[in-house]
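Input: a single structure, listed below in structure tokens.
Here, each number is a calculation from the coordinates, and none is a lab measurement. Here the structure is a predicted model, which is why all the values come from computation and not from measurement. Methodologically, a virtual Cβ is constructed for each residue, glycine included, from the backbone with ideal geometry; neighbour enumeration extends over all protein chains shown.
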């Protein structure tokens with residue numbers, strides 16, 4: 001069997017040290033970034049500067065949240081939020097039309113809802129407040145602090161990708177400043193018997209710039225590389241980083257958002273993770289970068305998936321994903337945006 005591009009001999013994801021971005025080995029580091037991006041599209045990140053005490057506090061509070069009585073979690077159920085914020089029980093989010101077996105809470109940027117009128121673009125409905133559990137008051141300040149820290153990290157990673165593409169490090173600032181799209185998903189995957197299916201979350205791509213994933217201790221994340229799935233088990237002190245669809249759009253497929261999934265853990269166990277998605281402003285349009293000739297020659301074009309079309313209008317892309325992933329919220333709050341002729345199998349993206 002030939003070795004997969006961008007993968008170490010053992011077939012695991014590469015490990016990259018962010019401290020090298022400003023060091024003497026910067027050029028070699030950027031070459032490794034390009035190889036990882038063109039290969040699996042995923043890598044482990046060390047040297048990221050986020051305190052281990054904060055990540056462990058976030059994981060501990062996340063587990064406490066999921067241990068709350070069901071009534072306390074359902075008090076902030078997502079179906080109450082037109083902005084798709086809050087808690088979902090297992091099976092209420094969909095990927096490729098099939099339910100994902102995970103419970104979760106979605107936390108976006110803590111902003112006031114926009115004043116809407118008939119001329120407002122549909123994506124304007126996505127901005128608004130989060131829902132927070134009253135039974136766990138320390139959850140809000142800790143998760144917002146974590147969101148701020150990981151946003152800074154994600155922007156730094158985005159600057160790394162810009163440099164690796166031969167661009168000014170701030171090339172993407174016009175489409176994410178001053179209000180980037182931020183989403184934290186705190187996720188618990190309950191264990192399942194073998195006969196109950198294994199879709200923790202189905203195969204999908206992420207829709208933003210980059211994703212920064214914090215994993216607890218249980219495995220389950222898998223990345224599609226070539227014709228096989230590569231495991232990405234937790235490594236304490238690291239984040240898993242992957243490319244989103246905005247970078248695919250901006251580079252005409254030189255960088256490509258890669259397919260990944262999570263396999264449910266065995267019965268009697270569970271899996272905990274916290275995913276952060278950095279995106280552009282909702283009113284932005286993704287440009288096409290002018291890349292150096294040697295990189296442009298590797299352009300693969302955009303992914304052609306009739307079940308998940310890509311749009312350069314950022315807000316349109318996010319709204320598409322939210323409507324498809326959360327049909328119950330869509331029916332309650334956004335029935336006017338649902339295409340009645342579209343079959344339910346068009347539910348496509350998990351994010």
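Rounded if a/c is under 1.5, else prolate if a/b beats b/c, else oblate: with a ≥ b ≥ c from the C-alpha gyration tensor eigenvalues square-rooted, which is region 205-343?
Numbers: a/c = 1.87, a/b = 1.10, b/c = 1.70.
Note, shape of region 205-343 comes out oblate.
How large is the Kirkwood hydrodynamic radius of region 134-289, in angstrom, based on all distinct alpha carbon pairs?
On the way: mean 1/r = 0.0593 Å⁻¹.
Final number for the Kirkwood radius of region 134-289 is 16.9 Å.
Pull out the extension gain between residue 335 and residue 145, defined as 0.36 nm times the separation in residues minus the alpha carbon to alpha carbon distance; nm, one decimal.
Working: separation 190, 0.36 × 190 = 68.40 nm, distance 3.45 nm.
Answer, rounded to one decimal: 65.0 nm.
Of the listed values (1) 29, 24, 21; (2) 25, 25, 23; (3) 32, 25, 18, grab the one calculated as semi-axes √(5λ) of the Cα gyration tensor in Å from the structure here.
Derived directly from the coordinates: (1).
Using 0.36 nm per residue, how much length does the chain from residue 138 to residue 235 gain when fully extended, once their Cα-Cα distance is taken away? Write out the running numbers ahead of the final one.
Numbers: separation 97, 0.36 × 97 = 34.92 nm, distance 2.64 nm.
Contour length minus the Cα-Cα distance gives 32.3 nm.
Distance from the Cα centre of region 205-254 to that of region 102-129, in angstrom?
After rounding, the separation between the Cα centres reads 25 Å.
How far is it, in nm, from the label point at residue 117 to the one at residue 70 when both lie 7 Å from their Cα along the line to the Cβ?
That separation, rounded to one decimal, is 4.5 nm.
Which residue fluctuates most in the GNM of the chain (Cα springs below 10 Å): 71, 320, 140?
71
For the chain, modelled as a Gaussian network with Cα springs under 10 Å, which listed residue fluctuates most, 114, 247, 214?
The residue with the greatest mean-square fluctuation here is 114.
If each of residue 328 and residue 28 carries a label point 7 Å out from its Cα toward its Cβ, how far apart are those two points in nm?
5.2 nm
Quick check: from the Cα gyration tensor, does region 212-251 come out rounded (a/c under 1.5), prolate or oblate? Kindly include the intermediate steps, with their values, before the conclusion.
Numbers: a/c = 3.52, a/b = 1.44, b/c = 2.45.
Oblate, because a/c is 1.5 or more while a/b does not exceed b/c.
Taking region 147-194 on its own, what percent of its Cα-Cα pair distances exceed 18 Å?
For region 147-194, the fraction of Cα-Cα distances above 18 Å is 46 percent.
Would you look at the GNM of the chain, springs on alpha carbons closer than 10 Å, and say which of 49, 86, 97 moves the most?
Looking only at 49, 86, 97, the biggest GNM fluctuation is shown by 49.
At 222 nm, what value in deg cm²/dmol follows for the chain if DSSP H runs of at least 4 each add -39500 (n - 2.57) and the sum is divided by all its residues, to the nearest 500?
Values: 9 runs with 93 residues, N = 351.
Rounded to the nearest 500, the figure is -8000 deg cm²/dmol.
For residue 299 and residue 228, what does the FRET efficiency come to when R0 = 22 Å and r is the distance between their Cβ atoms, rounded to the nearest 0.05? Present the calculation step by step, with values, prior to reporting the outcome.
On the way: r = 25 Å, r/R0 = 1.13.
In this case the efficiency is close to 0.30.
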